[in-house]
1. Pick from the range 37-59 the residues that are over 11 Å from the mean Cα position of the chain (by Cα) and surrounded by 15 or more Cβ atoms within 10 Å (Cβ to Cβ): which of them is nearest to VAL17 (Cα to Cα)?
2. For MET1, indicate whether it is under 13 Å from the mean Cα position of the chain (by Cα), at pLDDT 90 or above, open to solvent by 60 Å² or more (accessible area, probe 1.4 Å) and of a type outside the set (Phe, Trp, Tyr).
3. Counting only residues that are touching a helix residue (DSSP H, G or I) at 6+ places or on another chain (Cβ under 7 Å) and surrounded by 14 or more Cβ atoms within 10 Å (Cβ to Cβ), which one in the range 60-76 is nearest to ASP26 (Cα to Cα)?
4. Residue check: is THR54 at pLDDT below 90, of a type outside the set (Gly, Ala, Ser) and in a helix (DSSP H, G or I)?
5. Say we look at the range 82-92 and pick out the residues that are among the β-branched types (Val, Ile, Thr) and outside any strand (DSSP E or B); which of these is surrounded by the most Cβ atoms within 10 Å (Cβ to Cβ)?
6. If the requirement is being touching a helix residue (DSSP H, G or I) at 6+ places or on another chain (Cβ under 9 Å) and either farther than 30 Å from THR15 by Cβ or open to solvent by 60 Å² or more (accessible area, probe 1.4 Å) (or both), which of these qualifies: HIS79, HIS29?
Amino acid sequence: MIVKFLAGLDEQVQTGVVIFNLYVPDIPHTDGRMVPDKNRIGELQELIRTFVETAGGTEYWLETDTTPTTMRNEEIEQHFIYVRIKFNRIIE
């Protein structure tokens, strides 16, 4: 997993955007080709959505900037889930 802090403000109210790239190894198909592990990708995308909806039980409000997208990285025979998450720290 790669997490990149894209932009944000560290003031009384913390806001920003982070990018998650979550890599999933391809699996061999019956004919020998490497194909995406669609079941695992679906499970991980659901975990990401659940984490964002519940904010992981933290003091942060989270929202996806885009729908999680799956892309292929041919060089390493893996697919990765790309998602941008906006955050805002909830201060009482």
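The values are calculated or read from the model by the stated rules, or taken from the named source; none is laboratory data. As the structure is a prediction and not an experimental result, all values here were calculated from the model. Positions of Cβ are backbone-derived with ideal geometry, glycine not excepted, and every protein chain shown enters the neighbour counts. What goes into the accessible areas is simple: the full protein's heavy atoms, side chains included, and nothing from ligands, DNA or RNA. Shrake-Rupley method; radii C 1.70, N 1.55, O 1.52, S 1.80 Å.
1. Result: ALA55.
2. Details: under 13 Å from the mean Cα position of the chain (by Cα): yes; at pLDDT 90 or above: no; open to solvent by 60 Å² or more (accessible area, probe 1.4 Å): yes; of a type outside the set (Phe, Trp, Tyr): yes.
When the stated conditions are applied, MET1 does not pass them.
3. Applying the filter and picking the extreme gives THR70.
4. On the way: at pLDDT below 90: yes; of a type outside the set (Gly, Ala, Ser): yes; in a helix (DSSP H, G or I): yes.
Yes; evaluated as a whole, the condition is true for this residue.
5. Residue satisfying both the conditions and the ranking: ILE90.
6. Working: HIS29 fails: touching a helix residue (DSSP H, G or I) at 6+ places or on another chain (Cβ under 9 Å).
None of the others qualify; the one that does is HIS79.
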